[in-house]
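Please read the structure below before turning to the comments.
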Amino acid sequence: MSRFLPSLLVLALGACGSSSEPDADPVAGAGGAPADGVDEAELILWEVPDLPWSCGLEIDGSAAPASALQGILLSEWNTFVVQNLGERGKPTAAEVEDLVTRFYAEPAQLLAPLIDDLLLIRDHRERHPEIDADEFEHFRHDLEENAGHLLPTLLASLGEDGLREHLENKFRIHQMQAFYAAGLATLSEEQLQAHIARRAEERGEDLEAVLQALAEYPDARAAFEGQINADRAEAAIRAWLDEVRPLSEVVFLDRGGERIVLDAGN
């Protein structure tokens, strides 16, 4: 048996059993006290000033859910402030205004992940106007098992209706990811070997050592194939989004009420 595991295989082992679970973070930027094990930057989030986020986002005339917009803005704002202020402490009012101006300077880039999510959600809603109650409850149960400690904070921030709306949106995205994964053609052994060889080369691994280790650890091989298929599904989603974005009118409503048409094609 191999006396070491190449790092590429360690990544596969770490992913065992994770492909069917929902994202452990049900919403970004929920705030609350830092948990044990957070990195040092998060320990100063209590000093981050409130974000003036009285803005809006529309895609083809439909307003983005306030909970989704607030979630991504607060998450990005926390990171932005920490990166720009470090450990300098609480900023002055003038510094906050400068930070806010720079934060909103590139709304298309800032909101790109949310725009993609909303396009996926809209596509799922067009396919399935009503979500399957049993599947949703199963999804929510898995989410509570993985990140249940966040739900009270989310409930306090979003309210019961807002929390359910947000979880339903997460569910719809999860379903679309599963839809694209299910549509993938099965890889032949030759195609799988080509993926393994490419990834080994990218990571500077010895291909023979990787192949030997994968042969010795069937669970790791299955997880590795799952990673490859997840990447293939993600590539299919990105290709679809690249086609849909240029056809969509995306409008950002800034804090002053100005309507700014975003170039969401990139």
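Coordinate-derived values only; no laboratory data. Everything numeric in this text was worked out from a predicted model, so none of it was measured. Positions of Cβ are generated from backbone atoms using ideal geometry, with glycine treated the same way; all protein chains shown enter the neighbour counts.
Using R₀ = 41 Å, calculate the FRET efficiency as 1/(1 + (r/R₀)^6) where r is the Cβ-Cβ separation of residue 122 and residue 94; round to 0.05.
Details: r = 40 Å, r/R0 = 0.98.
Efficiency at R0 = 41 Å is approximately 0.55.
Which peptide among 235-246, 159-170 comes first, and what is the full order, when sorted by highest mean count of other Cβ atoms within 10 Å?
On the way: 235-246: 14.3, 159-170: 16.7.
Packing proxy ranking, top to bottom: 159-170, 235-246.
Once a ≥ b ≥ c are taken as the square roots of the eigenvalues of the Cα gyration tensor of segment 167-266, is the result rounded (a/c under 1.5), prolate (a/b larger than b/c) or oblate (a/b not larger than b/c)?
Prolate.
Note down the nm distance, to one decimal, between modelled labels 7 Å out along Cα→Cβ at residue 184 and at residue 155.
Once both label points are built, they end up 3.7 nm from each other.
Extension gain residue 240-residue 137, at 0.36 nm per residue separation less the Cα-Cα distance, in nm? Spell out each step's value before the answer.
Values: separation 103, 0.36 × 103 = 37.08 nm, distance 2.83 nm.
So the chain would gain 34.3 nm between residue 240 and residue 137.
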